[in-house]
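The values are calculated or read from the model by the stated rules, or taken from the named source; none is laboratory data. Bear in mind that the values here come from a model prediction, so they are computed numbers and not experimental data. Ideal geometry is used to build each Cβ from the backbone, glycine not excepted, and the neighbour counts take in all protein chains shown.
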Amino acid sequence: MTNTAPFGAPLRLTDDAVLIVIDVQQGFEDPVLGARDNPEAEQRIAELLDLWHSTGRPVVVVQHETTGGTLDRGTPGYELKPFVAAASRDLHITKTVNSAFYGTPDLHEWLQQRGATQLVTVGIMTNVCNETTARMGGNLGYDVVFPIDAMHTFDMAGPDGGKIPAADLARATAATLHSMRFAKVVTTKDVLAAGAPE
């Protein structure tokens, strides 16, 4: 599989573009995680879910399980946020690592069986599971679309102990994915315009 879409070309969505909603779980509301960016991320994700459902495009929901963390199975933190829990989906993946491609069932196998070539990744966290999934998708040859405002992350400490604001981490992710051509970094508005019924 090769990614043949021209980089920097106007965004086009295929009729079977797959929306991958990553780790939109209650545990990310835990104050212990600190300050986050993009307070409108959940609203943007909901808008994209609405578009996908109205156009019949496939939706994949991904759920992360930790051990001794805020997303432990069997705890309230593991549960999906209500608007995602209520959304219909074509595939539900559980994972214990960052990439949605290393979960159960196997995402890559499912995509190949469908003949899918384009992925739109949204969710939590921008620079962790979202970025890892986008990088791997790009390496596997998928046309990955990354609506940067339909996700969020948290402030993080660097190896020197200094705090890096969430917004700066998101900007770094956007720059890496764009400049290294792992994904098309766009906005939710771009995706809505490209995917609306004609």
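Some values worked out for this structure:
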item	result
Qualifying position, being in contact with a Ser or Thr (Cβ under 7 Å, 6 or more places away or on another chain), among the charged types (D, E, K, R) and modelled with pLDDT of 95 or more, among 37, 16, 23	37
Any helices (runs of 4 or more DSSP H) falling wholly within region 76-183 and containing at least 2 residues that are within 14 Å of the chain's Cα centre (by Cα) and hydroxyl-bearing (Ser, Thr, Tyr)	131-139
Test: residue in region 58-72 that is touching a helix residue (DSSP H, G or I) at 6+ places or on another chain (Cβ under 7 Å), among the acidic types (Asp, Glu) and either surrounded by 19 or more Cβ atoms within 10 Å (Cβ to Cβ) or closer than 19 Å to residue 143 by Cα (or both)	no
Residue match in region 148-164 (condition: over 20 Å from residue 36 (Cα atoms), in contact with a strand residue (DSSP E or B) (Cβ under 9 Å, 6 or more places away or on another chain), buried (at least 18 other Cβ atoms within 10 Å of the Cβ) and in contact (Cβ under 8 Å) with a residue 40 or more places away in the chain)	no
Failed criterion for residue 89 (all others in (1) surrounded by fewer than 23 Cβ atoms within 10 Å (Cβ to Cβ); (2) farther than 20 Å from residue 55 by Cα hold)	(2)
Single condition residue 172 does not satisfy, out of (1) in contact (Cβ under 8 Å) with a residue 40 or more places away in the chain; (2) aliphatic (A, V, I, L, M); (3) within 24 Å of residue 13 (Cα to Cα); (4) out of contact with any Phe, Trp or Tyr (no Cβ under 7 Å at 6 or more places or on another chain)	(3)
Filter result for residue 186 (of a type outside the set (Lys, Arg), touching a strand residue (DSSP E or B) at 6+ places or on another chain (Cβ under 6 Å) and either farther than 14 Å from residue 20 by Cβ or at pLDDT below 95 (or both))	yes
Cβ pairs under 6 Å, 6+ apart, first in region 103-123 and at positive phi, second buried (at least 21 other Cβ atoms within 10 Å of the Cβ) and part of a strand (DSSP E or B)	123/21; 123/22; 123/151
Members of region 18-33 found to be farther than 19 Å from residue 50 by Cα and in contact with a Phe, Trp or Tyr (Cβ under 7 Å, 6 or more places away or on another chain), listed by number	27, 33
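Yes or no, residue by residue, for (1) of a type in the set (Gly, Ala, Ser); (2) under 20 Å from residue 181 (Cβ atoms); (3) in contact with a helix residue (DSSP H, G or I) (Cβ under 8 Å, 6 or more places away or on another chain); (4) surrounded by fewer than 21 Cβ atoms within 10 Å (Cβ to Cβ):
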| site | (1), (2), (3), (4) |
| --- | --- |
| 102 | no, no, no, yes |
| 106 | no, no, no, yes |
| 127 | no, yes, yes, no |
| 135 | no, yes, yes, yes |
